Amino acid sequence: MSQVLDGKAHADRMLEEVRQGVEARLAQGKRAPALAVVLVGDDPASHVYVRNKTAACAKVGIRSLEHRLAADTPQAALDALIDQLNADPGVDGILVQLPLPQGLDAKRALHRISPAKDVDGFHPVNQGLLLEGLPGLRPCTPTACMSLLAHHGVALKGLRAVVLGRSEIVGKPMALMLLEQHATVTIAHSRTKDLPAVCREADLLVAAVGRPGLVEGSWIKPGAVVVDVGINRVEDEALGAAIFAAEPKKLETLRAKGGVLCGDVRFGEAMAVASAVTPVPGGVGPLTIAGLLANTLAASNQDA
Ligand code: NAD
């Protein structure tokens, strides 16, 4: 039976470090870091994420400044708000919650944020710094995954790592961070031939795809470490019966509640093969918010 890598416990450790960093700033007579969150429209999941981020900010002493805009906000008005936040010396970090409503260009908004305040690490300047291995604000989810792996003593040097998914938010930056730590990295994706065989080569498998239960136990090399970034809600009972065959409790929850959260990896099957696995929920999810707040603190200390 493999080890469950507890993301919640590690997120608490990361948040405690941020809290101490905020305290140190205050002790030097500086103001608390401030994170501006821009929420456009009524996407229910986005509202939940923003509420969680606000609550986490409160816990560590970061000021959270919410800017809510209507779903029919024109791009020019969103641009103007970002310009205003860029120019505001009382704002250290700016986060534009994705997805944006139809008609708004997310890339344009993200590229407009000042790189120094880009706490999501999505600006091309920050992505470029990461590519060059230079310090900058880095994407929160892969940064937090790296922190979790370091905490658990996963030795990355020379390791065969497979990153499943090539998004700018998770897959690509995760691959670059693993490469920086001297892993031998393969990026696999929807066009990869014989995905199970590629995954089976991995001593470290990171799944960031958004397909519930895509990774079966038979895709995992015995003893591998598995990081499951995917967050999916499954409501279909037939799909649930297939992917939760080794997790009867998940299937029960699905039947009782009409839906259940799961990752891209079949957790129950992975637990029988891997040496360590992150669960969903309670794995990478809580770490991402902790990474965001660490970035906000770092952004506020750029003036130090
Ligand atoms: P995305 O949709 O931008 O990218 C998905 C990637 O998976 C693509 O590169 C695509 O090539 C690949 N892919 C899609 N279908 C595939 C298949 N059948 N086989 C192999 N590869 C396939 O998604 P994203 O933003 O990178 O997010 C991925 C998942 O991670 C989602 O479930 C998302 O909700 C989750 N996520 C979680 C956190 C967190 O905090 N835990 C943060 C960000 C994203």
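Look at (1) over 16 Å from the mean Cα position of the chain (by Cα); (2) of a type in the set (S, T, N, Q); (3) within 16 Å of the ligand (Cβ to nearest atom) and you find that Ser114 fails only one, number (3).
Remark: pairs (first residue in the range 275-303, in contact (Cβ under 8 Å) with a residue 12 or more places away in the chain and on the phi > 0 side of the Ramachandran plot; second residue near the ligand (Cβ under 10 Å from one of its atoms) and not charged (D, E, K, R); Cβ separation under 6 Å; 6+ apart in sequence or on different chains) = Gly282/Gly7.
For residues in the range 275-287 being within 16 Å of the ligand (Cβ to nearest atom) and open to solvent by less than 10 Å² (accessible area, probe 1.4 Å), which is nearest to Gly223 (Cα to Cα)?
Of all residues in the range 275-287, those within 16 Å of the ligand (Cβ to nearest atom) come to 277-287.
From what's left, open to solvent by less than 10 Å² (accessible area, probe 1.4 Å): 277-278, 283-284, 287.
Details: Val277: 10, Thr278: 14, Gly283: 19, Val284: 20, Leu287: 24 Å.
Going through the qualifying residues, I end up with Val277.
Screening Asp72 against (1) farther than 25 Å from Ser114 by Cβ; (2) free of Cβ contacts under 8 Å to residues at least 60 places away in the same chain; (3) assigned to a helix (DSSP H, G or I); (4) open to solvent by 70 Å² or more (accessible area, probe 1.4 Å) leaves a single unmet condition, (3).
In this structure, is Ala45 aliphatic (A, V, I, L, M), within 18 Å of the chain's Cα centre (by Cα), within 26 Å of Asn232 (Cα to Cα) and open to solvent by 50 Å² or more (accessible area, probe 1.4 Å)? No: the conditions fail for Ala45.
Here's the yes/no breakdown for (1) open to solvent by less than 10 Å² (accessible area, probe 1.4 Å); (2) assigned to a helix (DSSP H, G or I); (3) away from the ligand (no atom under 16 Å from the Cβ):
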residue	(1), (2), (3)
Ala242	no, yes, no
Leu251	no, yes, yes
Gly268	no, yes, yes
Val273	no, no, yes
Ile289	no, yes, no
Leu292	yes, yes, no
Leu297	no, yes, yes
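Selection of the range 76-99 for residues being open to solvent by 30 Å² or more (accessible area, probe 1.4 Å) and outside any loop (DSSP other than H, G, I, E, B) yields Ala76, Ala77, Ala80, Asp83, Gln84, Asn86, Ala87. Among residues that are open to solvent by 20 Å² or more (accessible area, probe 1.4 Å) and either of a type in the set (Gly, Ala, Ser) or in contact with a Ser or Thr (Cβ under 7 Å, 6 or more places away or on another chain) (or both), Gly61 is included. Please determine whether any residue of the range 253-260 is within 12 Å of the ligand (Cβ to nearest atom), touching a residue at least 12 places away in the same chain (Cβ under 8 Å) and open to solvent by 10 Å² or more (accessible area, probe 1.4 Å). No, the range 253-260 has no match at all.
Here the helices (runs of 4 or more DSSP H) wholly within the range 123-234 that include at least 1 residues being under 24 Å from Asn295 (Cα atoms), open to solvent by less than 10 Å² (accessible area, probe 1.4 Å) and within 12 Å of the ligand (Cβ to nearest atom) are 140-151, 171-180.
The values are calculated or read from the model by the stated rules, or taken from the named source; none is laboratory data. All of these numbers come straight from a predicted model, not from anything done at the bench. Every residue, glycine among them, receives a Cβ derived from its backbone with ideal geometry; neighbour counts consider all protein chains shown. The area values use the complete protein model at the heavy-atom level, side chains included, leaving out ligands, DNA and RNA. Shrake-Rupley method; radii C 1.70, N 1.55, O 1.52, S 1.80 Å.
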